[in-house]
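The values are calculated or read from the model by the stated rules, or taken from the named source; none is laboratory data. Model, not experiment: these values are computed from the prediction. In this analysis, Cβ positions are derived from the backbone assuming ideal geometry, glycine residues included, and neighbour counts consider all displayed protein chains.
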Amino acid sequence: MNILFLAKFYMPFDRGGSEWSTRDLAYLLAHDGHNLTIATPNYGAKSSEIVDGIKIIRIPFPIKLTSPKDSVAPYWTNNIIWFAYSAIFCLILTIKNHYEIIHVQNNEFLPAAVITAKILGKKTLATFRDYQVICNLGFCLWHDNKSCSPKKYLANDFEFFYMNYVESKNIPKYYILKLAAIRAWLMQKILYYFAKKINYKIAVSKKVSVIFQANGIYNLKVIHNPVIISKKPTTIANDKILYVGKLSKGKGVDILFDALVPVTSKLKRITIEVIGSGHLRKMLDQSVKDKNLESKVTFFGQLDHNQVLDKISTSALVVVPSIWPEPLPRSVVETILSGTPVVASNVGGIGEIVKNNRYGILTTPSKEGLEKAIYEALKRRITFKKNIKKDINLLKNHFSKDVVKSYEQAYKESLE
């Protein structure tokens, strides 16, 4: 098939899980004989090139990044001008190359795909890896599958965001951010409209499908994200606990640090490594000092993907203490495929990946729940590692060959 991927980021700008999943899916489809083109904003690379048999076309874009890990403010690709500009680019590209399928990898491309498909009579497919088209802040979804009203959005979601995700608070910043939140809410309504127009919708977990259907977007097929791990799992166990992810309230990292105090006081050899960045870093630094954990905790900030995988494969266990309903955290999949046990909150799509008491332990996102689960997982880590090693071929096939087959079937069905 001749397929066009529309992605907000693509290599070398592989910033995180969504980008790595897009890359793995493109690689697997190309390896299976499909003609793949990736259209993505140009943040400072060649305008076009072929990598691993995949053609990358970079859309002229005003923002240039000095590092592949740098971020771009969301409003640059979440506005009316971008929707129109990307639609024109997508239309010209599709006319020129006769794509059969337009596959949206990120929400900001939904208008471009739907408009192009409508004009040219093409078929669209979108993979939904987050809840942005349901609620752009999404804190309401932590407690209920249904998104909040505009009044609650400003009274609850925005206030929670401001209190927990904003540093250096002041009155001008408060009102500027509130106006930005209103603008983002309006853009979300536009994305929601176009999401409903997509011909074939993919949810990366059952939880994503449930939330979308509760909010009026139906007929989603569940296909897990692809994850390619070449490393072979080992049964060697050490005394290192690893956290990988954003240092934010939704990820539960502050709760994890509270749980680690009694763990490290009883298990003297245990150390903690933290990979990631975020607004809670200063608070966590202070927490480490207050709890006398300086000799136990090491912060690494952002690391290269291969470095992250190396850290995962050499850890006793990885802890994922998320509070928010994680769609399908790639870090959990990578951990298990690397042969490392997981302690994770049983929220969102995590329970679809972690077989409780076989690959690790599922728990509640609370200090008591995490503390108990970490103790238990450390005792049973060798058994968990052996279980993963027994199932590794099945697991690797599920997150590679099975995913590709499911997508190929989705493409065929969308063309019928």
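Output the residues belonging to region 296-350 that are under 27 Å from residue 282 (Cα atoms) and among the small types (Gly, Ala, Ser).
Result: 301, 315, 316, 322, 331, 344, 345.
Take the residues of region 247-271 that are farther than 10 Å from residue 374 by Cβ and among the hydrophobic types (A, V, I, L, M, F, W, C): which is surrounded by the fewest Cβ atoms within 10 Å (Cβ to Cβ)?
Among them, the one singled out is 261.
Where in region 154-221 are the helices (runs of 4 or more DSSP H), entirely inside, with at least 2 residues that are within 29 Å of residue 118 (Cα to Cα), assigned by TED's automatic domain parsing to the domain that holds residue 135 and under 22 Å from the mean Cα position of the chain (by Cα)? Steps first, answer last, please.
On the way: elements: 159-165, 171-197, 206-214.
Counting at least 2 such residues, we get 171-197, 206-214.
Among the residues of region 95-110, which ones are buried (at least 23 other Cβ atoms within 10 Å of the Cβ), part of a helix (DSSP H, G or I) and not acidic (Asp, Glu)?
Matches in region 95-110: 107, 109, 110.
Under the condition of being of a type in the set (S, T, N, Q) and part of a helix (DSSP H, G or I), which residue from region 273-327 is surrounded by the most Cβ atoms within 10 Å (Cβ to Cβ)?
313
Looking at (1) at pLDDT below 95; (2) surrounded by 19 or more Cβ atoms within 10 Å (Cβ to Cβ); (3) under 29 Å from residue 247 (Cβ atoms), find the lone condition where residue 123 falls short.
For residue 123, the exception is condition (3).
Out of all the residues in region 33-86, which are surrounded by fewer than 19 Cβ atoms within 10 Å (Cβ to Cβ) and basic (Lys, Arg)?
Those that are surrounded by fewer than 19 Cβ atoms within 10 Å (Cβ to Cβ) and basic (Lys, Arg): 46, 55, 64, 69.
Quick check on region 140-184: of everything there that is free of Cβ contacts under 8 Å to residues at least 24 places away in the same chain and aromatic (Phe, Trp, Tyr), which residue is surrounded by the most Cβ atoms within 10 Å (Cβ to Cβ)?
By that ranking, first place goes to 158.
How many residues are without any contact (Cβ under 8 Å) to a residue 60 or more places away in the chain, under 28 Å from residue 412 (Cβ atoms) and out of contact with any Ser or Thr (no Cβ under 9 Å at 6 or more places or on another chain) if we restrict to region 190-247?
Adding up the residues that qualify gives 8.
Over 26 Å from residue 331 (Cβ atoms), under 25 Å from the mean Cα position of the chain (by Cα) and outside the structural domain of residue 277 (by TED's automatic domain parsing): which single residue out of 81, 63, 56, 88 fits that description? Step through it out loud before you land on a result.
Numbers: 81 fails: under 25 Å from the mean Cα position of the chain (by Cα); 56 fails: over 26 Å from residue 331 (Cβ atoms); 88 fails: under 25 Å from the mean Cα position of the chain (by Cα).
Criteria check complete, one pass: 63.
Where the second residue is of a type in the set (Asp, Glu) and surrounded by fewer than 22 Cβ atoms within 10 Å (Cβ to Cβ) and the first is over 22 Å from residue 247 (Cβ atoms) and lies in region 10-30, which pairs have Cβ atoms under 9 Å and are six or more apart or on separate chains?
Once the first residue is over 22 Å from residue 247 (Cβ atoms) and sits in region 10-30, its partners that are of a type in the set (Asp, Glu) and surrounded by fewer than 22 Cβ atoms within 10 Å (Cβ to Cβ) give 22/14; 23/14; 23/52; 26/52; 27/52; 29/408; 30/52.
For a quick check of your reading of the model, give me the residue pairs whose first member lies in region 374-400 and is free of Cβ contacts under 8 Å to residues at least 40 places away in the same chain, whose second is hydrophobic (A, V, I, L, M, F, W, C), with beta-carbon atoms closer than 7 Å and at least 6 apart or on different chains.
The qualifying pairs are 376/361.
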